[in-house]
Amino acid sequence: MNKLFSIRISLIVALGGFLLGFDSAVISGTINGITNYFQMTDLELGFAVGCVIFGAMFGNISAGPASDRFGRKPILIITALLFAVSAAWSALATSYVEFVVARIIGGVGIGAAILIAPIYIAEIAPPKLRGSLVSLNQLNIVIGISVAYFSNYFLKDIEVDSWRWMLGIEVIPAIFYFVALFTVPRSPRWLINQLNKTLDAHQILQKIGGKEYADTTLEEIVRHKDLKVKKGSYADFFSKKMSLILIIAFGLAFFQQITGINAIFYYAPTIFEQAGGSTDSSFLQAIVVGLTNLMFTFVAIYLIDKLGRKPLLIIGTASMTVALFLATLAFNNANYQFSSENIEKVTQLEIQQALKQLEGATFNSQSELFEGVASVTTSDQLQDFKRHYVKNFININAVQVLMAILLYVAAFAISLGPVMWTMLSEIFPNNVKGLAISVVGFFNSLVSFSVTQLFPWELSNLGPTITFAIYTVLAMLSLVFVMKYVVETKGKSLEELEDILLSK
């Protein structure tokens, strides 16, 4: 078996994951800059951040069928172009609408890359390496996230519109990805199922695993192709025999996002500022989050083909529940103190003067705080206070918040992060795989969009205590779901898994 050939191809294709992760996390460092430049409200900010997922939903729904028709490789090449265009345009945008359109274009690339890269890698990987190689895509996502946090930190002090540099630098890896993709072969399974090019497919399979592997795998692929009288349709996808597969797929897609992971990645500095951190320390803490994500993704890659998919999901979702509960407790035990020193940190003089009426007061919850501030300010001033100045008055166990977020990210990185995409690339029959991945990916992006769109509003209006409490309950439900419905897929060929899951 030529492991190096499979690894090289997988690493190149997984660079789409790097761009996906970078594009997703880079926005976290631009929040203050774009909010001030485009004069955005909370909901406009939520859409400016979350619109990339809006674009991803279009990429999700179109990429699967397009990859079935034209091939996995051409669609990945198009995603590289979309990333480059989005990065350049969003960095140069001069209006809110321009900025949103540019971000949506990048979202289309994200939606395509996050689905097609795992499919391609799963189709070229030998069964014993498939979990690890597919997880390389998730590894590249978290490397992209970490690099984005580092990049933001080093670019944040550029005096004029540093946010433009943060967004524009993505053009460089996007162009590299575009060029590198021309060196990878077509998917052998796609060549057989769509073009009936068995000779070309055999040559690629032989490079992957040698002649004996190529002969056996080719025979199995052709046998399954001959069993299918037509290309899969929506009726096939939603048929009764697909029930277990659909429950697993939609369940994992829902819980991966509803537990708040993208809210953490997109708004990491904002969360740490809510816990009383300075801008510099919040950016540094975001870097630590990214590095934690990276380190534990390596752990997942090591364990996914040894320990299995389901054990990792159980350990991860249980740990996520504990972590979110600890964050909830930290914010719930916080209080807000109006010392003269804290009041003078408010830069808007009118609000500062109004808050002097509360000097010496202490509030034990955010709801009490907002009621107190509302009694001495106008509604517009209260809104500005919620968005910009709450962090000046909070007295909280910031170490507990940081530890809780790091545990949450580590738990996600060994479970729902890589395992969901690995399992989605494994469990669907080949005749409906492109269609199925698109539908489930669209649903996953829709849930993610809802979470990121609402998160700024939740922080301002519900407060971090209730927000993290909601995520805690959802994480606990994800653990219950995994234990009840998810089945193990490690060590089996794609065709073998198809037989097993459809029979159930």
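The values are calculated or read from the model by the stated rules, or taken from the named source; none is laboratory data. This is a predicted model, so every value here is computed, not measured. Virtual Cβ from ideal backbone geometry, glycine too; neighbours counted across all protein chains shown.
Among G33, G21, G46, G17, which is under 19 Å from the mean Cα position of the chain (by Cα) and either of a type in the set (D, E, K, R) or more than 28 Å from L181 (Cβ to Cβ) (or both)?
Numbers: G33 fails: under 19 Å from the mean Cα position of the chain (by Cα); G21 fails: either of a type in the set (D, E, K, R) or more than 28 Å from L181 (Cβ to Cβ) (or both); G17 fails: either of a type in the set (D, E, K, R) or more than 28 Å from L181 (Cβ to Cβ) (or both).
Matching residue, one of G33, G21, G46, G17: G46.
Here's the yes/no breakdown for (1) closer than 15 Å to G59 by Cβ; (2) over 14 Å from the mean Cα position of the chain (by Cα); (3) assigned by TED's automatic domain parsing to the domain that holds I53:
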position: I414; (1), (2), (3): no, no, yes
position: S425; (1), (2), (3): no, yes, yes
position: S445; (1), (2), (3): yes, no, yes
position: S450; (1), (2), (3): no, no, yes
position: P456; (1), (2), (3): no, yes, yes
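Determine which single condition S319 fails, assuming it passes every other condition in (1) at pLDDT 85 or above; (2) crowded, with 18+ Cβ neighbours inside 10 Å; (3) more than 20 Å from the chain's Cα centre (by Cα).
Among (1) at pLDDT 85 or above; (2) crowded, with 18+ Cβ neighbours inside 10 Å; (3) more than 20 Å from the chain's Cα centre (by Cα), S319 violates only (3).
Do we find a residue being basic (K, R) and at pLDDT 85 or above anywhere in the range 347-359?
Kept after step one, since they are basic (K, R), are these residues of the range 347-359: 356.
Cutting the leftovers down to at pLDDT 85 or above gives us 356.
Yes, because at least one residue in the range 347-359 is basic (K, R) and at pLDDT 85 or above.
Can you pull out the residues in the range 382-416 that are assigned to a helix (DSSP H, G or I), aromatic (F, W, Y) and farther than 30 Å from Y302 by Cβ? Spell out the reasoning first.
First, the residues of the range 382-416 that are assigned to a helix (DSSP H, G or I): 382-392, 398-413, 416.
Imposing the further condition that a residue be aromatic (F, W, Y) reduces the set to 385, 389, 408, 412.
Answer for the range 382-416, where residues must be assigned to a helix (DSSP H, G or I), aromatic (F, W, Y) and farther than 30 Å from Y302 by Cβ: F385, Y389.
What's the number of the only condition in (1) at pLDDT 85 or above; (2) out of contact with any Cys (no Cβ under 6 Å at 6 or more places or on another chain) that G29 fails to meet?
So the condition that G29 fails would be (1).
Residues of the range 63-76 being at pLDDT 90 or above and either surrounded by fewer than 16 Cβ atoms within 10 Å (Cβ to Cβ) or not in a helix (DSSP H, G or I) (or both), which ones? Working first, answer last.
In the first step, residues of the range 63-76 are kept if they are at pLDDT 90 or above; the result is 73-76.
If the condition is that a residue be at pLDDT 90 or above and either surrounded by fewer than 16 Cβ atoms within 10 Å (Cβ to Cβ) or not in a helix (DSSP H, G or I) (or both), then P74 is the only one that fits.
Any idea how many residues of the range 186-204 are without any contact (Cβ under 8 Å) to a residue 12 or more places away in the chain and basic (K, R)?
1
Would you confirm, using the coordinates I've provided, whether E123 is assigned by TED's automatic domain parsing to the domain that holds L11, assigned to a helix (DSSP H, G or I), acidic (D, E) and under 30 Å from Y213 (Cβ atoms)? If you could, list the steps in order and put the result at the bottom.
Values: assigned by TED's automatic domain parsing to the domain that holds L11: yes; assigned to a helix (DSSP H, G or I): yes; acidic (D, E): yes; under 30 Å from Y213 (Cβ atoms): yes.
When the stated conditions are applied, E123 passes them.
Name the single residue, out of those in the range 281-303 being surrounded by 17 or more Cβ atoms within 10 Å (Cβ to Cβ) and not aliphatic (A, V, I, L, M), that is modelled with the lowest pLDDT.
S282
Which of the residues belonging to the range 196-253 are at pLDDT 80 or above, outside any helix (DSSP H, G or I) and either in contact with a Leu (Cβ under 7 Å, 6 or more places away or on another chain) or assigned by TED's automatic domain parsing to the domain that holds L474 (or both)?
K197
Kindly evaluate K356 against the criterion of being farther than 16 Å from G417 by Cα, more than 18 Å from the chain's Cα centre (by Cα) and outside the structural domain of L139 (by TED's automatic domain parsing).
On the way: farther than 16 Å from G417 by Cα: yes; more than 18 Å from the chain's Cα centre (by Cα): yes; outside the structural domain of L139 (by TED's automatic domain parsing): yes.
Spelling it out, K356 is indeed farther than 16 Å from G417 by Cα, more than 18 Å from the chain's Cα centre (by Cα) and outside the structural domain of L139 (by TED's automatic domain parsing).
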